[in-house]
1. What residues qualify as long-range amide H neighbours of GLU126, i.e. H under 5 Å apart, gap of 5 or more or another chain, H built at 1.01 Å from N?
2. For the stretch 250-261, take each phi angle, set θ = phi - 60°, evaluate the Karplus expression 6.51 cos²θ - 1.76 cosθ + 1.60, and give the result in whole Hz per residue in order, putting x for glycine and proline.
3. Fewest Cβ neighbours within 10 Å first, please rank HIS112, HIS258 accordingly.
4. Past the 20 Å Cα-Cα mark, which pairs from LYS157/LYS192; LYS20/LYS268; LYS164/LYS192; LYS49/LYS210; LYS164/LYS210; LYS13/LYS157?
5. Compute the distance from the alpha-carbon center of the stretch 211-257 to that of the stretch 1-29, in whole Å.
6. Take every DSSP beta bridge whose two residues both sit in the stretch 54-209, then give the antiparallel share in percent to the nearest 5.
7. Which value, in debye to the nearest 20, describes the size of the charge dipole of the stretch 1-157 about its Cα centre when Lys and Arg Cβ atoms bear +1, Asp and Glu Cβ atoms bear -1, and nothing else is charged?
8. Per DSSP H run of at least 4 residues, take -39500 (n - 2.57); add these up for the chain, divide by its residues and hand me the 222 nm value, nearest 500 deg cm²/dmol.
Amino acid sequence: MGKFLIDPGPSRKGWHRLSKVLRCPRLYALSYNMKHRTSDIPPAEPLIKGSLFHVGLAHHYGLQSTLYEDKDLYSPTEAVRALAQLQPVGHRAAWQRYVPQMEETLAAYLLHWSAEQWDVEGIEHELCVNVYDDKTNETYFYTQRVDLVWRHPMTGKVWFVDHKTTNRFSGKTVGGYSMNGQFIGYQMIGQKMFGDKWGGVLLNVIEWGKGGASPTFHRMPIDPAPHSVANFRNTITNAERLIREFEDVEPSLWPATHHESACWPYRKCRFYETCQWGSKT
C-alpha cells in the first residue's frame, strides 16, 4: 500500500458550490458541467498556494493525531510535493514553482505554534446537516469540509479551525469573514451538532512574507453573526431552487451576473470567452 494523501478539496454540497450559484449562476453551471471542467489555464496564484499549504497543514495535524494511524501518511513537505505532482501536466510547473516557499513557510509555522495543545478530532472533515425548504417541502443536503476540528482540553468546547493564506492581513480581513457564507455555515453546523459544547470558529491566518520578509501567523475567533446564521437556511434553499429551475438548460444559457465582480474579480473568469462568444460544441 502506498502513501496516503489527505484530500483538502471542497465538500460535495457546501458553500464552495453554492457561492458560485450566488456569484453567477452561469459560472456554477459551466464549472459543474463535465464538458467545461478542463482548462488550459492553471488556477490563480492565491488558490495554488492556499491549496498546497492546506495539504501541508492537514498532514502535520494528521501525524499529530490518531485519526490516520492506519494510514501511511506523507510528511507535510512530502504532501505538498505530491499534490503539485498530481496536477495536470500543463499545470504542474505552475504548482511546483511555489513548493520551496511552502516548505519554508511550513517550517516557520510549526516552529511558531510548537507549544499548541488541542485535541484534534477532525482534519479536512466533511460535516453535513439537512436543510428543509418550507416553500417546496424539500430537504437539501448541506455539507462543509472543516480544515481542523479542535476540542479544547480544559473547557471541552469544540472549535472549527479554518486556515486562510493571504498576502496582507488586517482587521478588515477578520471582519469580512464574519459575514462570509462559509463561516456562517460553520456556525450553523457547529450549533446544530454540538449545542452547548460549541465553541465557535477560529481563523488561522498565514500571511506570506513579501520581499524576503518572514511569514507571520495570526489566530483569532470569528465574531458570531446570529441573525445571518438564523436565516442561512433561506440562502441555501434559494440557491438550491435556482439550480433545480435551470438544471435541464444548456450551461452557457444560464442567467449571468454580468458584473466585473463576477467576470473579472482579480483576473478574467475562465469562462469569459464562453459568455462573450457562446459555447463551442
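Throughout, read-outs are computed from the coordinates displayed, never taken from laboratory work. In this text, all values refer to a predicted model and were calculated from it rather than measured experimentally. FYI the Cβ positions are ideal-geometry reconstructions off the backbone, even for glycines, and counts take in every protein chain you see.
1. Excluding prolines and chain starts, which carry no amide H, the hits are VAL146.
2. Calculated HN-Hα couplings, in order: 3, x, 6, 9, 5, x, 10, 6, 6, 9, 4, 5 Hz.
3. Fewest to most other Cβ atoms nearby, the residues stand as HIS258, HIS112.
4. On the way: LYS157/LYS192 14 Å; LYS20/LYS268 15 Å; LYS164/LYS192 24 Å; LYS49/LYS210 14 Å; LYS164/LYS210 16 Å; LYS13/LYS157 26 Å.
Correct reply: LYS164/LYS192; LYS13/LYS157.
5. The stretch 211-257 and the stretch 1-29 have Cα centres spaced 11 Å from each other.
6. On the way: 17 of 26 bridges.
Just about 65 percent of them are antiparallel.
7. Numbers: 18 positive and 18 negative charges, 161 e Å.
Dipole about the Cα centre, nearest 20: 780 debye.
8. On the way: 12 runs with 120 residues, N = 281.
Mean residue ellipticity, 222 nm, calculated: -12500 deg cm²/dmol.
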